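These notes are about the structure you will find just below.
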Amino acid sequence: MHHVKIALITGPSSGIGKATALEMARRGYHIVAAGRSRKRISDVVSTIEKKGGSAEHLHLDLASLGSCTEAARTFADSGRVLDVIIDNAGVGAVRGLTDDGFEIHFGVNHLGHFMLTHHLAPSFRPGSRIVVVSSEAHRRASGVDFGQVRRRVGVLGVLNAYAVSKLANILFASHLAHLQPEWRTYAVHPGVANTNIFPTVVKPFLRSVETPEQAAQTSVWCATSDEVADQSGLYYSRMKQREASPAGHDDSLAAELWRRSEQWCGISRHTN
């Protein structure tokens, strides 16, 4: 029997996530569209189905660690293999805290995806790919202030908070590659697309803006290409490997972030 490949994509209802979901469906993947709004997700699912693809909605609120656990277990309980997960959803330039009291960029962009990926582990097989959407904005962050990620930031702190969360994405992908060498992990800068993540006031100042379809290319390439099938834990932009910032190569920072993330998520397991 032919195995239909399955790709779970977070934040697939608009922008880069939607373009990614449509392209992965076009390539024959069954799409698990994971997000909060049933209406917006069902619009994407029906668009995919109209084009001859297949998709389903999985309820996921990345600002709630409980929701991340529940979503992952719901999928894992179906007994299916997950070939690809694209941790695409993100918030940018907003203020607030998650349900669990984390600064919202860190909580949604990093910790929610950390929790989701952890509980999806039983569904992965050797060669399963984990694509983590980061950003060149990670270069603004020289490290992670582990006290700050539990506090709301002021207006002037939002860009730095976003940068820290995107650095965390890179550190997560590299450390996961170290802990689980049988899987393939990739951190991706998608390009700057004119999407809802940026408030209207800053849009005129964005340089070299791409369409969501162009911005989705590197995620899709890392999720599907034979060229990167034997690579893991690296950082990519415009379908090429790139060097992350010095902080993005800090293995001890990656290990500390991992340890604290497990603690915050209530995960205990023995890691080497």
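No value in this document is a laboratory result; all are computed from the given coordinates. Everything numeric in this text was worked out from a predicted model, so none of it was measured. Ideal geometry is used to build each Cβ from the backbone, glycine not excepted, and the neighbour counts take in all protein chains shown.
Mean residue ellipticity at 222 nm from the helices of the chain, using -39,500 (n - 2.57) per DSSP H segment of n ≥ 4 over the full residue count, to the nearest 500 deg cm²/dmol? Write down the numbers at each step before the final one.
On the way: 7 runs with 95 residues, N = 272.
That comes out to -11000 deg cm²/dmol.
Using Cα centres only, tell me the gap between the range 223-272 and the range 1-68 in whole Å.
After rounding, the separation between the Cα centres reads 24 Å.
Cα-Cα over 29 Å: which of Lys166/Lys240; Lys5/Lys240; Lys51/Lys166; Lys5/Lys50?
Details: Lys166/Lys240 18 Å; Lys5/Lys240 24 Å; Lys51/Lys166 33 Å; Lys5/Lys50 19 Å.
Among Lys166/Lys240; Lys5/Lys240; Lys51/Lys166; Lys5/Lys50, the Cα-Cα distance tops 29 Å for Lys51/Lys166.
Would you mind classifying the range 33-124 by shape? Square roots of the alpha carbon gyration tensor eigenvalues, ordered a ≥ b ≥ c; an a/c under 1.5 is rounded, otherwise it is prolate if a/b is larger than b/c and oblate if not.
Details: a/c = 2.25, a/b = 1.35, b/c = 1.67.
Verdict is oblate for the range 33-124.
Using the per-residue mean of other Cβ atoms lying within 10 Å as a proxy for protection, in what order, highest first, do the peptides 85-93, 18-26 fall?
Working: 85-93: 25.2, 18-26: 23.7.
My ranking of the peptides, most packed first, is 85-93, 18-26.
Just need the relative contact order of the range 6-264 here, percent rounded to a whole number, with Cα pairs under 8 Å and 6+ apart.
Details: 528 pairs, mean separation 48.9, N = 259.
19 percent.
Taking every pair of distinct Cα atoms and averaging 1/r, then inverting, what Kirkwood hydrodynamic radius in Å comes out for the chain?
Details: mean 1/r = 0.0545 Å⁻¹.
Mean inverse Cα-Cα distance, inverted, gives 18.3 Å.
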